[in-house]
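A short reminder: the numbers here are calculations on the coordinates, not readings from a lab. All values reported here derive from a predicted model rather than from experimental measurement. Here Cβ is always computed from backbone atoms with ideal geometry, including for glycine, and neighbour counts include all displayed protein chains.
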Amino acid sequence: MERVNMTEITIEGPEGNFNAYVAKPETGSGPGLVVIQEIFGVNQVMRDLCDSYAAQGYIAACPDLFWRIKPGIQITDKTEEEWNQAFEYMNKFLPDFEKGQADLQATVTHLRNLKDCSGKVGCVGYCLGGSLAYSMACMSDSDASVGYYPVQIDDYLPYAEHVKNPAMFHVAENDGFCPPESQAAIADAFSNNENLALFTYPGVDHAFARIGGANYDQASADLANSRTTAMFKTALS
């Protein structure tokens, strides 16, 4: 598997250039997959996810969505100070949410144009990235989209009817950032579009799939990941 340092990959976006971490499969070629960061930047967790998806045969790229704030942000989630810092960056990013989506679309286009890419490109996001994966499903040309524990998408649920390609979302039953009323609204909106699949995982909290995280639940993570793998295998082959 080939890993490319972020400083070596520059993607041309509509408002400027930004970097991405890229991992390629041993074959060097395959479908593209945009891995969308949490609120902690393109940290080791995100780079490990790219490596994992590359091992499954994808050219996986995680773009730096916080580049307008400060390029190269990498935060762990081990201390309260780090969490506060991550939320500060997220709050600075949210007014540029649509600009972040444009950066993601630029990353999709970058991957699709690579000579080693099959032409199919999907996206998968976590936390903040899960919400952006929903936005990409609604308003981009991503061939397949998966979001883990998306939050604060209630106001955008009318866009669910615009999802034309396969999309899947994993929701934690006890997610403190996505209360029961939000989960019910999401389920209701998604039920009207056969391209959308929604799975709820009982008894787990936000970030249940983050290995090493405080809320990690292996059984739920394994189940969600198996569903993601199966969907991408069908939609991106």
Subtracting the Cα-Cα distance from 0.36 nm times the residue separation, let me have the gained length for LEU94 to GLU26 in nm, one decimal.
20.9 nm
Charges only on Cβ, +1 for Lys and Arg, -1 for Asp and Glu: so what's the dipole of the range 110-234 about the Cα centre, in debye to the nearest 20?
620 debye
Please state the shape class of the range 50-96: rounded when a/c is under 1.5, otherwise prolate if a/b exceeds b/c and oblate if not, all from the C-alpha gyration tensor.
oblate
Take each of the peptides 24-36, 63-75, average the number of other beta-carbon atoms within 10 Å over its residues, and list them starting from the highest.
24-36, 63-75
5 angstrom amide H check on CYS123, placed H, neighbours 5+ away:
VAL34, ALA144, SER145, VAL146
Starting at the first residue of the range 103-117, write each ³J(HN,Hα) from the Karplus equation 6.51 cos²θ - 1.76 cosθ + 1.60 with θ = phi - 60°, in whole Hz, x for Gly and Pro.
5, 5, 4, 4, 5, 4, 5, 4, 5, 4, 8, 5, 5, 8, 8
Given the options GLY57, ILE75, SER220, identify the residue whose Cα lies farthest towards the positive end of the charge dipole of the range 2-235 (+1 on Cβ of Lys, Arg; -1 on Cβ of Asp, Glu).
GLY57
Report the full-extension gain for the segment ASP188 to ALA219: residue separation times 0.36 nm, less the Cα-Cα distance, to one decimal in nm.
8.5 nm
Note, ³J(HN,Hα) from phi for the range 8-19, Karplus 6.51, -1.76, 1.60, rounded to Hz, x at Gly and Pro:
9, 10, 10, 10, 8, x, x, 10, x, 8, 9, 9
Length gain on complete extension for the stretch ASN113 to ALA197, per 0.36 nm per residue less the alpha carbon to alpha carbon distance?
27.4 nm
Taking θ as phi - 60°, what are the ³J(HN,Hα) couplings along the range 184-198 by the Karplus curve (6.51, -1.76, 1.60), each to the nearest whole Hz, with x for Gly and Pro?
5, 5, 5, 4, 5, 5, 6, 5, 8, 9, 5, 7, 9, 10, 10
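Within 10 Å, count the other beta carbons around each residue, average over each peptide in 9-17, 183-191, and list them highest first.
Highest to lowest by the protection proxy: 183-191, 9-17.
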Hey, rough spin-label estimate for LEU157 and THR229, points 7 angstrom out along Cα→Cβ, what's it come to in nanometres?
3.3 nm
First check a/c for the chain, with a ≥ b ≥ c the square roots of the eigenvalues of its C-alpha gyration tensor; if it is under 1.5, answer rounded, and if not, answer prolate when a/b is larger than b/c or oblate otherwise.
rounded
If amide hydrogens are placed 1.01 Å from N in the peptide plane, which non-local residues have theirs closer than 5 Å to the one on PHE169?
GLY147, ALA197, LEU198, PHE199
Proximal charge balance of VAL204 [Cβ under 10 Å; K/R count +1, D/E count -1]:
-4
